[in-house]
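This report concerns only the one structure given below.
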Amino acid sequence: MTVTAVRKDIEALRLEVEAEFKATPERVWRLFEDPRQLERWWGPPDFPATVTVHELRVGGRVRYHMTSPDGERYPGYWEVTEVDPPRTLVFKDGFAHEDGSPDDEMPTTITRIRIDGLANGTTRMTLTSDVPDTAAMEALLEMGADEGLSSAIGQIDAILAEDTEG
């Protein structure tokens, strides 16, 4: 099932990825709530994530890095601004230096996760990233953010298939 739509709206400065899963909203929420599950899918398959700080609360911070096939690390962070389990998560997502401080030379996004239970027993997850300007949008698309998000989210079905949590 997984990714059902990828929308790039350069004028609105928005990238959106929609996916559906055979799981409850509560189970899909745990993909964010549990740092070990989050790191199994937050990075694309060839750039796995490692979560080093996981404070999933308003005002909290999530620190992680992705590792390239060559072993190069790409640190990132979330600054969490809204948490409403199991429905909504909003955070500023950005690139970081090795010490975890924001890399202000790289684009940031405001990312909104919306998790909705559907009548057919599946759950839709919509990940919307709003960028501050056209230059940031172009930079993210040039880096392949749309393909990267799609391939990362594409790993979730395998995680959900491993358990019977619902």
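Across the stretch 96-119, what is the total count of residues that are open to solvent by 50 Å² or more (accessible area, probe 1.4 Å) and under 13 Å from the mean Cα position of the chain (by Cα)?
Within the stretch 96-119, residues that are open to solvent by 50 Å² or more (accessible area, probe 1.4 Å) and under 13 Å from the mean Cα position of the chain (by Cα) number 3.
Just one of the numbered conditions (1) of a type outside the set (Gly, Ala, Ser); (2) farther than 20 Å from Asp46 by Cβ; (3) buried (at least 16 other Cβ atoms within 10 Å of the Cβ) is not true of His65; which one?
(2)
Considering the stretch 40-55 alone, what residues qualify as being open to solvent by 40 Å² or more (accessible area, probe 1.4 Å), without any contact (Cβ under 8 Å) to a residue 60 or more places away in the chain and either in contact with a strand residue (DSSP E or B) (Cβ under 8 Å, 6 or more places away or on another chain) or more than 21 Å from Ser150 (Cβ to Cβ) (or both)?
Result: Pro48, Thr50, Thr52, Val53, His54, Glu55.
Hey, among the residues in the stretch 123-159 that are hydroxyl-bearing (Ser, Thr, Tyr) and touching a Pro at 6+ places or on another chain (Cβ under 8 Å), which one's surrounded by the fewest Cβ atoms within 10 Å (Cβ to Cβ)?
Ser151
What's the total number of residues in the stretch 68-81 that are open to solvent by 40 Å² or more (accessible area, probe 1.4 Å) and aliphatic (A, V, I, L, M)?
0
Given the criteria open to solvent by less than 50 Å² (accessible area, probe 1.4 Å), β-branched (Val, Ile, Thr) and in contact with an Asp or Glu (Cβ under 7 Å, 6 or more places away or on another chain), does Thr2 qualify?
In short, yes.
Return the pair list, or none, for Cβ contacts closer than 7 Å from residues in the stretch 95-108 that are within 15 Å of Pro132 (Cβ to Cβ) to residues that are part of a strand (DSSP E or B) and of a type in the set (A, V, I, L, M, F, W, C), at least 6 apart or on different chains.
Taking only residues 6 or more apart or on different chains, the pairs are Pro102/Ala96; Asp103/Phe95; Asp103/Ala96; Met106/Phe95.
The values are calculated or read from the model by the stated rules, or taken from the named source; none is laboratory data. This one's a predicted model, so the numbers in the text were calculated from it and none came from an experiment. Here Cβ is always computed from backbone atoms with ideal geometry, including for glycine, and neighbour counts include all displayed protein chains. Areas reflect the complete protein model, heavy atoms only, side chains present, ligands, DNA and RNA absent. Shrake-Rupley method; radii C 1.70, N 1.55, O 1.52, S 1.80 Å.
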